[in-house]
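Participant: Got a structure for you, questions after.
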Amino acid sequence: QVQLVESGGGLVQPGGSLRLSCAVSGTIFSRAVMGWYRQPPGKERESVATIGLGSDTNYADSVKGRFTISRDNAKNTVFLQMNRLKPEDTAVYYCRLSNGMRYWGKGTLVTVSS
């Protein structure tokens, strides 16, 4: 059974940083494309960043230069380093695994507020 467990969310002031983690089990992590998505309050879920099998990355325009996605295949974990956070980054952040099928974690809440 494939499982994704996000962690690292919380309350942070504008301009601060957080690092999200997503631990994966039940599948061959190194053969999966991983992504971070978010759903702001009252809005639809949107893509934040993805990382491919060769660690090629893509970012939403709204987070380019502030967020960094990375993966550690030895630890079956994908990370999202978020710097210079803004109030509009407030959302539930979800991890997604794609290997021909798609699997989602349950999400972790990030709140950016003073």
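The values are calculated or read from the model by the stated rules, or taken from the named source; none is laboratory data. All of these numbers come straight from a predicted model, not from anything done at the bench. With ideal geometry, Cβ positions are generated from the backbone for all residues, glycine too; neighbour counts draw on all protein chains shown. For the accessible areas, the whole protein counts, side chains as well, though only heavy atoms, and no ligand, DNA or RNA atoms are used. Shrake-Rupley method; radii C 1.70, N 1.55, O 1.52, S 1.80 Å.
Participant: Going by what's in this entry, would Ala91 be described as surrounded by 14 or more Cβ atoms within 10 Å (Cβ to Cβ), among the hydrophobic types (A, V, I, L, M, F, W, C) and under 14 Å from the mean Cα position of the chain (by Cα)?
Facilitator: Working: surrounded by 14 or more Cβ atoms within 10 Å (Cβ to Cβ): yes; among the hydrophobic types (A, V, I, L, M, F, W, C): yes; under 14 Å from the mean Cα position of the chain (by Cα): yes.
Taking the combined requirement at face value, the residue satisfies it.
Participant: Any residue at all in region 62-79 that is under 24 Å from Pro41 (Cβ atoms) and loosely packed, with under 14 Cβ neighbours inside 10 Å?
Facilitator: For region 62-79, residues under 24 Å from Pro41 (Cβ atoms) and loosely packed, with under 14 Cβ neighbours inside 10 Å: present.
Participant: So Ser98 clears everything in (1) open to solvent by less than 40 Å² (accessible area, probe 1.4 Å); (2) at pLDDT below 95; (3) among the hydroxyl-bearing types (Ser, Thr, Tyr) except one condition, right? Which one?
Facilitator: Ser98 satisfies all of (1) open to solvent by less than 40 Å² (accessible area, probe 1.4 Å); (2) at pLDDT below 95; (3) among the hydroxyl-bearing types (Ser, Thr, Tyr) except (2).
Participant: Now for a different question. Of all residues in region 55-65 being touching a strand residue (DSSP E or B) at 6+ places or on another chain (Cβ under 8 Å) and either among the charged types (D, E, K, R) or part of a loop (DSSP other than H, G, I, E, B) (or both), which is farthest from Asp89 (Cα to Cα)?
Facilitator: Of region 55-65, the ones touching a strand residue (DSSP E or B) at 6+ places or on another chain (Cβ under 8 Å) are 55, 57-60, 63.
With either among the charged types (D, E, K, R) or part of a loop (DSSP other than H, G, I, E, B) (or both) added as a condition, the list becomes 55, 60, 63.
Working: Ser55: 24, Ala60: 12, Val63: 9 Å.
Out of the qualifying residues, it is Ser55.
Participant: With the condition being among the small types (Gly, Ala, Ser), I'd like the strands (runs of 3 or more DSSP E) fully within region 1-54 carrying at least 3 qualifying residues. Write out each step before concluding.
Facilitator: Working: elements: 3-7, 10-12, 18-25, 33-39, 46-51.
Filter on region 1-54 gives 18-25.
Participant: Name the pairs whose Cβ atoms lie under 8 Å apart, with the first residue in region 97-113 and farther than 13 Å from Gly9 by Cα, the second open to solvent by less than 60 Å² (accessible area, probe 1.4 Å) and among the basic types (Lys, Arg), and 6 or more positions between them or separate chains?
Facilitator: As it stands, the answer is Arg102/Arg96; Tyr103/Arg96; Trp104/Arg96; Gly105/Arg96, since those pairs meet every condition given.
Participant: Go through (1) modelled with pLDDT of 95 or more; (2) small (Gly, Ala, Ser); (3) farther than 16 Å from Glu46 by Cα one by one and return the number of the condition Gly105 breaks.
Facilitator: (3)
Participant: Pairs please, first residue from region 55-74 and at pLDDT 95 or above, second anywhere and part of a loop (DSSP other than H, G, I, E, B), Cβ atoms under 6 Å, 6+ apart in sequence or on different chains.
Facilitator: Short answer, once both residue conditions are applied: Arg66/Asn83; Arg66/Arg84.
Participant: Same structure again: Would you mention how many residues in region 22-54 are among the small types (Gly, Ala, Ser) and open to solvent by less than 30 Å² (accessible area, probe 1.4 Å)?
Facilitator: Here is the first cut: in region 22-54, the ones among the small types (Gly, Ala, Ser) are 23, 25-26, 30, 32, 35, 42, 47, 49, 52, 54.
With the extra rule that they be open to solvent by less than 30 Å² (accessible area, probe 1.4 Å), the set shrinks to 32, 35, 49, 52.
Looking only at that region, the number is 4.
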